[in-house]
Amino acid sequence: MRYLLLFISFCGFSQEVFKPLNPQKEFQPLKIESSLKADGLLDETEWKNAPSVHLDFQVEPFQGLQASFNSTVKMLYNHQFLYVAAILKDTIGKNAFRAPNLKRDYTFVENDLFGIAIDGFNDKRNALVLQSNAYGAQRDLLAFDDRAFDIDWDGLYRVRTQRSDSSWVAEFAIPWQTLRYPKTDGNKSQDWGINFFRIRRSSNELSVWSPHPRSMSPLRMDYAGKLTGIIPPPPTSTNIRFNPYLLQVSNKSEGTEIGNARNTDLKLGGEIKWAISPTSVMDITFNTDFAQADVDLQVNNISRFSVFFPERRQFFLENASLFSAGLAPVDQVIGGSMYIQPFFSRTIGLDQNVNPIAITAGTRFVYRSEKRNLGGIFMRQGAGDGDPFSNFYVGRYSENFGKQNRIGAIVTTKSSPSAVQSTGAIDAFVRFNDKFSFSGMGTLTQDSRTGDQGVAEYSQFLYTGNFIRAYWTQTLVSEKYNPSMGFVSRRGVFSNSQGFDFNVRGKWLPSFVRSWGPGIYTEVYHSLKTGNIIEQRALSGPLWFDLQNGGIIGGYVEATAQNLEETFSPVGIDINPGSYSYFRKGFLLSSDPSAKYSGSTEYGWGGFFNGTLQTLDSKFRLAPIPHVNLGLSWNWSKFENMGAARETKEVNLLILETRMAINPRVQLIGFYQKNTTDDLKSLNIRLSWEYQPLSFVYLVFNSLNYQGTDETQQKQQSFLAKLSYLKQF
């Protein structure tokens with residue numbers, strides 16, 4: 001596989017991945033003295049005189065062609081705001097623009113949208129990204145090397161839109177405090193990196209101002225254009241964001257295991273964000289609360305891997321990419337199945353059963369520059385997991401070198417009266433050229449209570465071109481590797497994973513097909529204890545088609561061999577140690593995800609250890625207007641003639657989600673889950689009102705019913721009212 005990657009990097013496919021423009025495209029905004037109201041109307045005289053550029057380069061579906069519809073961007077600025085206006089021509093009609101819902105941080109591929117990627121330090125690596133869909137819903141993130149992303153970072157800015165039968169318009173007012181740029185006295189001009197991009201979802205077309213290859217995204221800032229002659233104001237003396245909250249919560253529990261209790265609590269807390277300099281930010285949190293965070297989706301795990309649940313709490317999501325050194329799947333099957341994360345923030349404030357533990361206080365410091373990045377986290381949580389308190393420490397450092405390479409280290413320590421558990425790691429990322437990269441890590445853990453020491457390491461080569469993607473991933477995780485503040489998907493293994501897939505396009509394909517993507521992916525796991533192969537599988541998708549409307553038609557086959565060295569019990573079915581081999585088949589049908597009515601169905605069938613297994617994963621969404629969204633998911637599994645007792649068992653997981661919105665700032669969200677595995681039923685209802693930018697009123701109701709180990713019902717209910725207020729100084 002290694003030789004295949006080296007061969008690919010020199011083969012003829014490389015001609016499709018062009019170099020950045022030299023010289024770069026340039027855009028100089030106009031400075032004004034007056035203030036504008038961001039309402040999407042663009043009726044002020046200043047906009048008529050504003051300089052403009054056009055998004056005329058088509059990336060998808062036909063790289064290099066002229067964009068199908070004209071998109072114009074204008075820019076102005078004054079001492080308070082950077083203003084951006086996008087006039088996006090279209091003939092689809094004012095009520096046909098795609099926006100399945102109005103949630104913040106919506107799904108990228110489901111919306112008509114316009115976005116801005118800003119590299120304020122012009123280091124060609126970092127991007128601050130602000131987006132809007134046609135209905136004014138916001139999506140923002142921080143991007144690093146077009147590889148690591150802080151998707152849940154929330155910037156403070158205003159955007160409003162207007163729609164007509166000939167176009168839609170987005171008008172942004174971005175406070176200078178939201179942006180990051182070099183120190184200035186307010187007199188000297190600066191040059192920034194910048195790019196603009198548009199997704200037209202009815203034709204699934206991506207167009208940009210400064211061209212980049214199809215295998216990359218508009219956030220690859222070495223392909224960005226240049227914003228010239230801009231004179232930003234000097235930073236304010238404070239640049240502090242104060243975000244207090246007041247919370248009242250009522251809890252009720254009934255059950256033989258959780259007890260019978262009622263209580264009401266009033267809580268005051270908040271966060272302070274201090275932008276010490278353009279490169280340094282400190283966050284302080286006290287009585288930290290995450291009551292309004294999204295709930296986890298239930299999963300019925302039938303694999304031999306631990307399930308990775310993503311972080312959903314806002315404080316830990318911001319700047320998460322700096323601390324997220326480690327291995328994770330790159331894109332579904334690409335990169336392999338293994339996770340090795342020395343630091344995973346869900347270990348803070350949650351016990352071993354994922355119940356909340358009070359966080360007393362904490363702080364985070366982040367420094368980012370062209371040369372290096374460093375960060376530190378300290379958190380103190382209250383009683384949980386048998387300890388009266390626990391302190392969490394994280395230190396992260398990375399040094400940039402060359403064009404887009406870095407080397408770094410991360411150290412974590414969890415300290416409690418019962419133990420001190422530490423993890424240390426060294427990692428590296430090297431981009432050999434525009435398509436071929438390497439990442440790797442070596443990491444150690446130590447536990448003072450048990451005296452255990454463990455090691456883990458990984459190496460991954462990744463090639464991403466317009467025509468082919470390929471990877472080779474190798475991992476080793478010792479049995480005693482235990483990152484107390486991290487996550488690892490399995491221990492005591494040595495693994496190799498290789499794979500590649502193609503992106504084949506041509507006029508010979510049917511007109512409704514955008515690309516044919518056949519691929520082969522393999523994984524082999526050895527036991528470090530015995531040296532035996534304990535799992536190996538090969539997955540092939542010879543018939544996999546991406547459609548012009550964003551849908552998918554795909555079929556796959558999978559061959560698996562398992563060698564169980566101890567009893568394995570998926571969904572409560574005991575499977576004895578031994579060797580098993582089986583073959584499975586499946587298909588996926590998915591419609592246009594941005595349409596008013598959309599859905600997908602994946603069905604798999606075939607062997608599973610010593611029996612058979614059928615699986616069905618179906619999703620359906622009804623979104624007649626962006627203000628109303630109804631979603632239904634059904635996951636069904638049927639095991640037949642399985643395990644030591646030759647059992648037959650069906651498992652169902654039903655998820656119903658609703659979202660009703662008056663506008664992007666007032667929304668009612670309902671979320672219901674039913675899992676027959678442990679007779680679990682959960683309900684979450686949230687009303688949120690963003691009464692001013694990033695200041696909220698929340699009303700939340702939670703209900704959880706499940707079957708305890710004594711086979712009786714356990715019931716929990718809570719109702720909370722929360723008021724948060726953001727003030728920028």
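Look at the dipole of the chain built from charges on Cβ: of GLN728, ALA559, VAL420, the Cα furthest out on the positive end belongs to GLN728.
Along the range 325-330 the Karplus relation, 6.51 cos²θ - 1.76 cosθ + 1.60 evaluated at θ = phi - 60°, assigns HN-Hα couplings of 4, x, 9, 8, x, 6 Hz to successive residues, with x for each Gly and Pro.
So how much slack lies between LEU65 and ASN405, counting 0.36 nm per residue of separation and subtracting their Cα-Cα distance, in nm?
Length difference between fully extended and current span is 119.2 nm.
Applied to the range 308-322, the Karplus parametrisation 6.51 cos²θ - 1.76 cosθ + 1.60 on θ = phi - 60° returns per-residue 3J(HN,Hα) values of 9, 9, x, 5, 10, 9, 4, 4, 7, 6, 5, 6, 4, 5, 5 Hz, with x for Gly and Pro.
Electrostatic bookkeeping for GLN66 treats Lys and Arg as +1 and Asp and Glu as -1; over the other residues with beta carbon under 15 Å from its beta carbon, the sum is 0.
For a Förster distance of 51 Å, can you work out the FRET efficiency between the beta-carbons of ASP123 and LEU41, rounded to the nearest 0.05?
Efficiency, rounded to the nearest 0.05: 0.90.
Put the Cα centre of the range 116-174 next to the Cα centre of the range 235-260 and the gap is 29 Å. Distant-in-sequence amide contacts of GLU26, defined by a placed amide H-H separation under 5 Å and a gap of 5 or more residues or a different chain, comprise LYS226. Between LYS94 and ASP165, the built amide H atoms are under 5 Å apart, and every one of these is 5 or more places off in sequence or on another chain. Helical content of the chain, expressed as a calculated mean residue ellipticity at 222 nm, amounts to -500 deg cm²/dmol (DSSP H runs of 4 or more residues, -39,500 (n - 2.57) each, divided by residue number, nearest 500).
A Förster distance of 51 Å, applied to the separation of the beta-carbon atoms of ASN49 and TRP508, puts the FRET efficiency at 0.55.
Under 14 Å from the Cβ of GLY259, count the other residues' Cβ atoms, weight Lys and Arg +1, Asp and Glu -1, and hand me the total.
0
Taken about its Cα centre, the range 383-537 carries a charge dipole of about 680 debye when Lys and Arg each add +1 at the Cβ and Asp and Glu each add -1 at the Cβ. Couplings for the range 634-642, taken from phi via the Karplus curve 6.51 cos²θ - 1.76 cosθ + 1.60 with θ = phi - 60°, read 9, 10, 10, 9, 10, 9, 10, 6, 9 Hz in order; Gly and Pro are left as x. The residues neighbouring VAL249, those whose beta-carbon lies less than 10 Å from its own, together hold a net charge of 0 under the Lys/Arg +1, Asp/Glu -1 convention.
So if R0 is 35 Å, what FRET efficiency would GLN453 and VAL109 give, r being the distance between their Cβ atoms, rounded to the nearest 0.05? Computed FRET efficiency for GLN453 and VAL109 comes out at 0.20.
In whole Å, how far is the Cα centre of the range 535-559 from that of the range 20-80? What the calculation gives is 40 Å, centre to centre.
When only the Cβ of Lys, Arg, Asp and Glu is charged (+1, +1, -1, -1), the dipole of the chain relative to its Cα centre reaches about 1300 debye. Label sites at VAL307 and LEU246, each approximated as a point 7 angstrom past Cα along Cα to Cβ, lie 3.9 nm apart. Pairs of C-alpha atoms in the range 299-494 farther apart than 25 Å represent 39 percent of all such pairs.
Computed from the coordinates by the stated procedures, all read-outs in this text should not be read as laboratory data. Owing to the predicted nature of the structure, the values given are computational and were not obtained by experimental measurement. Quick reminder, even Gly has a Cβ in these numbers, built from the backbone with ideal geometry, and neighbours come from all protein chains shown.
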